[in-house]
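This report concerns only the one structure given below.
Just so you know, all these numbers are worked out from the coordinates, no wet-lab data involved. Keep in mind it's a predicted model, so treat the numbers as computed, not measured. Reconstructed Cβ throughout: ideal geometry from the backbone, glycine too, with neighbour counts over all protein chains shown.
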Amino acid sequence: MDGDFRTHFVRDPAALRHFPALVLNADYRPLSYYPLSLWPWQEAIKAAFLDRVDIVAEYDQVVHSQRQEFRIPSVVVLKEFVRPQKRVAFTRFNLFLRDEFCCQYCGAKGDLTFDHVLPRSRGGITSWENVVAACSPCNLRKGNRSLRQSGLTLRRPARAPCAEEMQARPPLSAQPPARKLDGLPLLGRRAGGLGEFPRPPQRRVAGRLQTLHKSSLP
């Protein structure tokens, strides 16, 4: 893979379905909070094999190659510090998080959708400064009109958030159940110490790890 393996992120939920590993920076903070920085178990084992990370905690489950047995890591920490990104990705979840999961016109917390403050038909663009969370009634009321024409007002100006601001938002437990993360790896067993996701290089270890027996997993 081209580039720094620590700055690439795994965004396929299917790859994280079984035994995800929480990835911590060298300061023992997650590389990313929203979404949470997770590796598939295969990538965590590769990174540990390449001595790119220290294993902090492990699952009880093991996998086997032809000659070795690997306990699946549940928490790993990078050996080299990665400077956190200051720019927040413009995503559906991050926009809801910025707006605290409530309508920016009336404050309602249910039946949320999105609204372009300046409608696209009038030249509005899809950006942090022009898109807000809105409940369906307010969205229908506003329609294809401006704020002045619709009689609606924003509860606060729309703007691009900073990373520190997003981390200070309410925890996942305070947000809709559909966004809840299941089976966080912090429940794994400790391993000699203190748990859009980077991918380690695969060329040098792919051949050795291709023989892992998936049948050894429950």
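Scan around V131 for amide H atoms under 5 Å from its own, H built in the peptide plane at 1.01 Å from N, and keep only partners 5 or more places away or cross-chain.
Those lying under 5 Å, H to H, from V131 are V117.
Considering the dipole of region 70-151 built from charges on the beta carbon (Lys and Arg +1, Asp and Glu -1) around the Cα centre, which of L97, Q85, A108 is farthest to its positive end?
Sorting the options by dipole projection puts first Q85.
Report relative contact order for region 92-161 in percent, whole number only (criteria: Cα-Cα under 8 Å, sequence separation at least 6).
Working: 102 pairs, mean separation 24.4, N = 70.
Averaging sequence separation for qualifying contacts and normalising by length gives 35 percent for region 92-161.
About its Cα centre, what dipole magnitude does region 89-170 give when the only charges are +1 on Lys and Arg Cβ and -1 on Asp and Glu Cβ, stated in debye to the nearest 20?
Dipole about the Cα centre, nearest 20: 340 debye.
I'd like the FRET efficiency for H64 and F114, computed as 1/(1 + (r/R0)^6) with the beta carbon distance as r and R0 of 35 Å, rounded to 0.05.
On the way: r = 48 Å, r/R0 = 1.36.
With R0 = 35 Å, the Cβ-Cβ based efficiency is 0.15.
May I ask you to sort K142, K46 by Cβ crowding, counting other Cβ atoms within 10 Å and putting the fewest first?
On the way: K142 20, K46 23.
The order, fewest Cβ neighbours first, is K142, K46.
Which of the trypsin sites (Lys or Arg not before Pro) found in region 85-133 are loop residues per DSSP with 13 or fewer other Cβ atoms within 10 Å of their Cβ? Mind showing how you got there, number by number?
Values: sites: K86, R87, R92, R98, K109, R120, R122; in loops: K86, K109.
Passing sites in region 85-133 are K86, K109.
Can you order the peptides 54-62, 35-43, 20-28 by their average number of other Cβ atoms within 10 Å per residue, highest first?
Working: 54-62: 18.7, 35-43: 22.7, 20-28: 20.8.
So the order, starting with the most tightly packed, is 35-43, 20-28, 54-62.
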